[in-house]
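Colleague: Have a look at this one.
Please treat every number below as a calculation from the coordinates, not as lab data. Everything numeric here is computed off the predicted structure, so don't read it as measured data. Cβ placement follows ideal geometry from the backbone for every residue including glycine, while neighbour counts extend to all protein chains displayed.
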Amino acid sequence: GIRSGKERKQEDEVTNEESNSFEGKMRTMRKIIKKRKTSHKLKVGIFSRSAECEYEWLKTILNSQFFQNTVKSVQPCCITNNGDRQFAEAVSHCKFGILYHSQNRGRLNITNVTDSLYDKELQDLSTKLGKNSVIVVIDDLDDVSKEKKDAILEKQRSLKELAEEVFLFSRDEKKKLDQ
């Protein structure tokens with residue numbers, strides 16, 4: 001049925017208790033994307049050095065009914081060391097950007113640290129799309145606690161400065177998706 005604006009808004013509200021649950025993170029993500037939405041659904045880009053298969057779960061959710069009123073399409077973009085033009089082209093086709101990093105790559109060297117992988121890309125996403133149209137997903141962690149997130153944000157300050165939100169996901173959370 002048709003729900004009032006108030007009812008739709010309530011379904012995106014997340015209590016502190018559930019904010020770190022998988023569903024809570026998805027509701028928060030949807031709320032952030034909705035804030036950017038004009039009258040049209042948004043084209044969302046997922047930008048990463050990881051193989052597309054590593055974030056297939058995220059693409060599936062963004063293309064699901066849960067995001068149907070918010071996301072028009074999901075465009076993956078593989079970041080390479082010499083793919084600046086391809087990256088810029090992909091960003092120009094999106095209204096919302098997700099920077100995806102998996103700890104399967106070894107370290108959490110996203111930005112502001114030695115050998116960081118995404119300094120320029122995060123800056124470019126934030127500059128071109130606006131901070132409120134960029135989120136960061138850090139995946140395949142063992143610890144997704146608030147303390148872990150705070151520690152990451154403390155060391156890698158650009159995450160907070162250039163992105164609207166940072167989401168941490170564990171391997172266990174994704175295992176539950178497959179069930």
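Colleague: Using modelled backbone amide H atoms (1.01 Å from N, in-plane), which distant-in-sequence or interchain residues come within less than 5 Å of PHE169's amide H?
Modeller: ILE138, ASP139, ASP140, LEU141
Colleague: Which ³J(HN,Hα) values in Hz, rounded to whole numbers, follow from the phi angles of the range 123-131 under the Karplus curve 6.51 cos²θ - 1.76 cosθ + 1.60, where θ = phi - 60° and Gly and Pro get x?
Modeller: My calculation for the range 123-131 gives 4, 5, 4, 5, 5, 7, 9, x, 3 Hz in order.
Colleague: Also, I was wondering about something else. Would you list PHE67, PHE96 from fewest to most Cβ contacts within 10 Å? Numbers along the way, then the final one.
Modeller: On the way: PHE67 20, PHE96 27.
The most exposed by this proxy come first: PHE67, PHE96.
Colleague: Could you give each residue of the range 49-58 its phi-based ³J(HN,Hα) in whole Hz, using Karplus coefficients 6.51, -1.76, 1.60 with θ = phi - 60°, and x for Gly or Pro?
Modeller: Values, residue by residue: 8, 6, 5, 4, 4, 6, 10, 4, 4, 5 Hz.
Colleague: Highest mean first, how do 76-89, 161-174 rank when packing is the count of other Cβ atoms within 10 Å averaged over residues?
Modeller: Details: 76-89: 13.2, 161-174: 17.9.
By packing density, highest mean first, the sequence is 161-174, 76-89.
Colleague: On to the next question. D for the chain, whole µm²/s, Stokes-Einstein with Kirkwood Rh over alpha-carbon pairs at 4 °C and 1.567 mPa s: what number?
Modeller: Values: Rh = 16.6 Å.
Estimated via Stokes-Einstein, D reaches 78 µm²/s.
Colleague: Taking amide H atoms as placed 1.01 Å from N in the peptide plane, list the residues 5 or more away in sequence, or in a different chain, whose amide H sits under 5 Å from that of ARG49.
Modeller: For ARG49, the qualifying residues are ILE79.
Colleague: Moving on to the next point. Using a Förster distance of 25 Å, how high is the FRET efficiency between LYS146 and GLN103, based on the Cβ-Cβ distance and rounded to 0.05? Spell out each step's value before the answer.
Modeller: Working: r = 18 Å, r/R0 = 0.70.
So the FRET efficiency works out to roughly 0.90.
Colleague: Additional query: If you stretched the chain out fully between HIS40 and LYS175, how much longer would it get, using 0.36 nm times the residue separation minus the C-alpha to C-alpha distance? List each step's numbers first, then the result.
Modeller: Details: separation 135, 0.36 × 135 = 48.60 nm, distance 3.28 nm.
This chain segment gains 45.3 nm when fully extended.
Colleague: Per DSSP helix of 4 or more residues, -39500 (n - 2.57); summed, then divided by the residues of the chain. What does that give at 222 nm, rounded to the nearest 500?
Modeller: Here the helix-only value at 222 nm equals -11500 deg cm²/dmol.
Colleague: Let me ask you something else. Assuming 0.36 nm per residue, please report the length gained on full extension of the stretch SER116 to ASN63 beyond their Cα-Cα distance.
Modeller: Details: separation 53, 0.36 × 53 = 19.08 nm, distance 2.98 nm.
That pair, SER116 and ASN63, stretches by 16.1 nm at full extension.
Colleague: With θ set to phi - 60° and the Karplus curve 6.51 cos²θ - 1.76 cosθ + 1.60, what are the ³J(HN,Hα) couplings of the range 108-116 in order, to the nearest whole Hz, using x for Gly and Pro?
Modeller: Coupling constants for the range 108-116: 9, 9, 7, 7, 6, 10, 4, 6, 5 Hz.
Colleague: Report, by chain and number, residues whose modeled amide H sits under 5 Å from the one on VAL71, excluding near sequence neighbours (fewer than 5 apart, same chain).
Modeller: HN-HN under 5 Å from VAL71: LEU42.
Colleague: Taking 0.36 nm per residue of sequence separation and subtracting the Cα-Cα distance, how much length would be gained by fully extending the chain between ASN81 and THR127, in nm to one decimal?
Modeller: On the way: separation 46, 0.36 × 46 = 16.56 nm, distance 1.96 nm.
Answer, rounded to one decimal: 14.6 nm.
Colleague: What ranking do HIS101, HIS93 get, fewest neighbouring Cβ atoms within 10 angstrom at the top? Walk me through the intermediate numbers first.
Modeller: Numbers: HIS101 24, HIS93 11.
Least to most surrounded, the residues fall as HIS93, HIS101.
Colleague: Using a cut-off of 16 Å between alpha-carbon atoms, which lysines can reach LYS41, once sequence neighbours fewer than 8 places away in the same chain are excluded?
Modeller: LYS31, LYS59, LYS72, LYS95
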